[in-house]
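J.: Please find one structure pasted underneath; my questions will follow.
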Amino acid sequence: MGIYFITMMLREFNALTISLMAFSAIIYIGSYQFMSYMARATYSESGQLLDPGVDLNMEGGIAEHFKDLIILTSGVQILSLISNYFWLLWLLVPLRGSWVLWKQILAPWFFAQPQVQSEMNEKKMRKLERKMAKRYQ
């Protein structure tokens with residue numbers, strides 16, 4: 001953010017660059033606040049650790065997606081020093097969000113195999129055994 005601000009001070013500012021820089025700042029601050037909230041530890045009144053918080057380096061966790069968002073935002077911001085058209089790379093965020101939504105939630109739900117009753121409960125099983133025993137006596 002600092003590199004972008006200093007470079008843009010040497011160049012020209014316009015409404016587009018100011019609004020996109022503000023949007024970048026919102027993404028940075030929001031991501032940082034969310035990840036610090038996730039990693040916050042909880043202590044009891046006696047000082048004993050109750051909950052250590054979420055591991056931000058856990059693979060497949062939501063913090064991984066926020067780290068990707070920060071990396072994409074910083075890359076887009078640096079590349080936009082070359083051309084303002086690089087801001088369009090932010091359109092990758094909704095595409096990635098849609099892909100993750102499909103892969104993690106929708107596809108397993110749509111393509112799930114129907115649940116098969118694995119076993120009858122014991123009462124039904126005993127009743128069936130008695131009927132079969134009576135039939136063959």
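A short reminder: the numbers here are calculations on the coordinates, not readings from a lab. Note that this is a predicted model, so its numbers are computed, not measured. Note that each Cβ is placed from the backbone with ideal geometry, even for glycine, and that neighbours are counted across all protein chains shown.
J.: Tell me, what ³J(HN,Hα) does each residue in segment 83-96 have, in order and in whole Hz, if you take phi through Karplus 6.51 cos²θ - 1.76 cosθ + 1.60 with θ = phi - 60° and put x for Gly and Pro?
T.: Listing the rounded values in order: 8, 5, 5, 5, 4, 5, 5, 5, 5, 6, 5, x, 5, 5 Hz.
J.: In the chain, once you exclude exposed trypsin sites (Lys or Arg not before Pro) (DSSP loop, at most 12 other Cβ within 10 angstrom), what's the longest stretch remaining? Provide the component values of the computation, followed by the final result.
T.: Details: sites that count: Arg11, Arg40.
Longest stretch, sites excluded: 41-137.
J.: Compute the label zone of Ser19 within segment 85-105: residues whose backbone N is under 17 Å from the point 7 Å along Cα-to-Cβ.
T.: In segment 85-105, the label zone of Ser19 (backbone N under 17 Å from the point 7 Å along Cα→Cβ) covers 85-91.
J.: Could you work out, for the chain, what percent of all Cα-Cα pairs fall into each 10 Å distance bin, beginning at 0 Å and stopping at the bin that holds the largest distance?
T.: Reading the bins upward from 0: 9, 23, 19, 16, 12, 7, 6, 4, 2, 1.
J.: Using the beta-carbon distance between Val100 and Ala133 and R0 = 41 Å, what value does 1/(1 + (r/R0)^6) give for FRET efficiency, to the nearest 0.05?
T.: Approximately 0.15, to the nearest 0.05.
J.: Please rank Asp51, Asp68, fewest neighbouring Cβ atoms within 10 Å first, as an exposure proxy. Before the final figure, lay out the partial values.
T.: Values: Asp51 10, Asp68 14.
Least to most surrounded, the residues fall as Asp51, Asp68.
J.: What FRET efficiency comes out for the pair Ser36/Lys123, r = Cβ-Cβ distance, R0 = 35 Å, nearest 0.05?
T.: Details: r = 53 Å, r/R0 = 1.52.
With R0 = 35 Å, the Cβ-Cβ based efficiency is 0.05.
J.: Met1 versus Ile29, label points 7 Å from Cα toward the beta carbon: distance in nm?
T.: For Met1 paired with Ile29, the spin-label model returns 0.7 nm.
J.: Ignoring the sites themselves, what is the longest stretch of the chain with no GluC sites (Glu not before Pro) in a DSSP loop and at most 10 other beta-carbon atoms within 10 Å?
T.: 60-118
J.: Would you count, across the chain, every pair of lysines whose alpha carbons are under 27 angstrom apart, provided the pair is eight or more residues apart or spans two chains?
T.: Working: Lys67/Lys103; Lys123/Lys131; Lys123/Lys134; Lys124/Lys134.
Qualifying lysine pairs in the chain: 4.
J.: Using θ = phi - 60° and the Karplus curve 6.51 cos²θ - 1.76 cosθ + 1.60, what whole-Hz ³J(HN,Hα) does each residue of segment 24-33 get, with Gly and Pro shown as x?
T.: 4, 4, 5, 5, 4, 5, x, 5, 4, 5
J.: If you rank Ser44, Ser31 by fewest surrounding Cβ atoms within 10 Å, what's the result?
T.: Least to most surrounded, the residues fall as Ser44, Ser31.
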